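Below is one structure, written out as structure tokens, with a few remarks after it.
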Amino acid sequence: MAQDQPAKGLATAPKASENGNADTNLAQRPAVKERRGSAILNFLSSLIGSKNPLAHAADPQKNTVWLLDNTAYQPVSDAPNRGNKAQSWQAEFVVCIFETEGRKDVGKLVAAIADHIGIDGEYGRDDEETRKRIARRVQPFLDQVSPARTVKLEVIINGVKRTHSLGGSDRNGIISQIVDLGASGVTDGTVIHPRVHNFKGPTATRETHFAAPKGWMVISDIDDTIKRTMTLEPTGILRTTFAEEPVPIAGMPEFYRHVQDQLNPTWFYLSASPYNLYPFLHQFLHENYLPGTLILRDYSWMDISGLIKSFTENTQEYKVDRMEKIRSWFPQRKVLCIGDSTQKDPEAYAEMYNRYPEWIHAIMIRKVTDVEHMEDKNKPERFEEAFKNVPASVWTLFEDAEELYAFVDGLGMEDRTV
């Protein structure tokens, strides 16, 4: 059964918590004898929200947690004549919580994917390495999400450790909460490593990057912009997501390093992929691109059709919603948007420019020509309509990353002459 309705976690965050050590005496859940009854109670109690009295602490023996990378910001007013004095640092912390003893029928789904993409014919029936890769990547989709759970977050800044209470998790097992870090004397570009208390392993410790209110920002798509995904083809999505090693789009890693050298931006990677792919995409980005905050859909699905839908349905609305959130954190940054023509990146970026022309400074769209059935999506009329209210100097199309260097150099020169 697919659980593919958006949760509230990544869309709207609770108000910032200002206390360093929040209360630890959460009411414990009443004992429930049957596991099914317990699951139903957890689900229903997760709908109550962050003040849920039935939420209880995640258990390292029973739960797996993913703490996601994030970017700390200093709230400022973007309204004229109201002053722009930066405040203390805040950050949205996102934690995904699963039941360690989740579904075990990995073999059936591996077989289904292998059959769907014709793996036996291409790789051979004895290709254990490919089947193990599929099993490893599909497991997060099978693990049962864990609603109504809380965790303790440990943050060390300038040698001072603070503990923050987060949760409870929503119906998709996600906690999304703004935390006032209470930090002073932290400079732009600082990186710290918060962790979930009592949990071990790399997924329980991530990075928080501190970004000042002003400067450049890159909001980049992933699939078919910087990673080959074949988004228009369901078989292509399954093959590139589960069976193959991820392949960067030619020339894009080098170009992104050039952007870093020229603009020194803070990086956001905004994808319509479901959050179950976080470990896979996080590793891909860290091996090939610049570190930044990876934002994925807060969906959890348990069938193949759910995965395909997450790549293709309502992508414009989703991306505009998330960019609105990013803008609420960094209203004074200058934004470079990078996307592709397979889905709704041109329309989403143009919509944001129409709302905030002072915020979006440049848009780059990769015309995808290495995927079938792209004729209509690559028609000049499509881009002319999408960007009809966007100055020609703001947006550009490209097929090869080499075409973009002069464009970015111009942005950098503009920046230095201001």
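Observations on the model:
- Probe 1.4 Å, protein heavy atoms only - accessible area per residue of region 214-417 in square angstrom: 37
- Efficiency of FRET from Cβ geometry, T396 and R257, R₀ 30 Å, rounded to 0.05: 0.95
- Over region 191-312 - Rg/Rh using Cα atoms and the Kirkwood inverse-distance radius: 0.98
- Equivalent ellipsoid dimensions for region 214-417 as semi-axes, Å, which come from the Cα gyration tensor, largest first: 25, 18, 17
- Taking Lys and Arg as +1 and Asp and Glu as -1, the other residues whose beta-carbon sits under 10 Å from that of Y289 total +1.
- Extension reserve of the A250-N389 stretch, reckoned as 0.36 nm per residue once the Cα distance is removed: 46.9 nm
- Across region 102-228, the relative contact order, built from alpha-carbon pairs under 8 Å that are at least six residues apart, equals 18 percent.
- Subtracting the Cα-Cα distance of E233 and M413 from their residue separation scaled by 0.36 nm leaves 60.8 nm.
- Normalised Debye scattering of region 306-392 at q = 0.12, 0.19, 0.21 Å⁻¹ gives log10 I(q)/I(0) of -0.38, -0.90, -1.06, counting only Cα atoms as equal scatterers and leaving out solvent.
- Carbon/sulfur fraction of accessible area - region 214-417, other protein chains in place, 1.4 Å, %: 48
- Summary of packing: across the peptides 161-174, 389-402, the per-residue average of other C-beta atoms within 10 Å ranks them, highest first, as 161-174, 389-402.
- Beyond 22 Å in Cα-Cα separation lie the following of the pairs K334/K367; K62/K200; K325/K379: K334/K367; K325/K379.
- When the alpha carbon gyration tensor of region 138-248 is reduced to an equivalent ellipsoid, its three semi-axes come out at 32, 22, 13 angstrom, largest first.
- Amide H to amide H distances under 5 Å link Y269 with S220, T293, L294, I295, where only residues 5 or more positions off or on other chains count and H is placed in the peptide plane.
The values are calculated or read from the model by the stated rules, or taken from the named source; none is laboratory data. Predicted model only: the values in this text are computed from it and were never measured. Cβ sites come from the backbone with ideal geometry, for glycine too, and all protein chains shown count toward neighbours. The accessibility values were calculated without ligands, DNA or RNA, using every heavy atom of the protein model including side chains. Shrake-Rupley method; radii C 1.70, N 1.55, O 1.52, S 1.80 Å.
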